[in-house]
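Some notes on the structure that comes next.
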Amino acid sequence: MHLPTHPPMLIRDGFIWLRNCHLLVPTKLISRFLNSEPLKLRRRMALPRLFSIAFFVLGVACTPAAIEPVSADDHVSVGPVLATINKFRSANGLSTLTIDKRLMQAADRHARSMAKDDFFSHVGANGSRIGQRVSDAGYPWRLVAENIAAGMADGIEAVGVWIDSPGHRKNMLTDGHKHAGIGYARISPDPGKVVYKQYWVLVLGAPLKNW
């Protein structure tokens, strides 16, 4: 399968996991490519885990690349992204979100993993789902959702594309969400086959009532 020379911007709809139903609900896949001809999305996205395994093996011998994360205290990166999300929520009559460092940790780990392990998926390299990753970070959740994007250096641009995508939009406009975590990882040079270079993860959550 041919991949475009220039890294495409590829966005996959978020998942909403309802804890009390033990249900992970996927939405439709949304794709958008920059400076490249369209690819067959169904074929391209049908085997993401197979790609991640094969490409990881091929990339083992490559020179290690630096992964640049964003932290909860990096207001230059996180602040404008959160402000854009909150402005969107406020315009739709919803309360604003606050940063939770545990959700930041879950988002950061997944962004780094996608960059390092050469894949783009809601399913982690270790098979984890968003609910498990949030629990592992110590957040006692009753509702959690995740949006991911790749190929964009600007988080505000990622939010703008999420707004235009029904599944991502629904996640960001879920009334129950109280907290957010924003993860970003940039790998340069990118020695893998999934060469998006920049990975964004937005984790939204609502804690258990007693927390």
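Read-outs: derived from the displayed coordinates by stated rules, not from any lab. Just so it is clear, the model here is predicted, and its values are computed rather than measured. Using ideal geometry, Cβ is built from the backbone for each residue, glycine included, and neighbour counts are taken over all protein chains shown.
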* Structure fact -> Calc'd 3J(HN,Hα), the range 176-183, phi into Karplus 6.51 cos²θ - 1.76 cosθ + 1.60 (θ = phi - 60°), Hz, glycine/Pro = x, comes to x, 5, 10, 10, 9, x, 10, x
* To do: Beta carbons within 10 angstrom, averaged per residue: use that to sort the peptides 81-87, 201-207, highest first.
  => 201-207, 81-87
* Report the equivalent ellipsoid semi-axes for the range 158-203 in whole Å, largest first, defined as the square roots of five times the eigenvalues of the gyration tensor built from alpha carbon atoms. => 26, 13, 7
* Asked: If the chain between residue 163 and residue 136 were fully stretched, how many nm would it gain, using 0.36 nm times the residue separation less the Cα-Cα distance?
  -> 6.9 nm
* Give, in nm to one decimal, the length gained when the segment between residue 174 and residue 83 is fully stretched (0.36 nm per residue of separation minus the Cα-Cα distance). => 31.1 nm
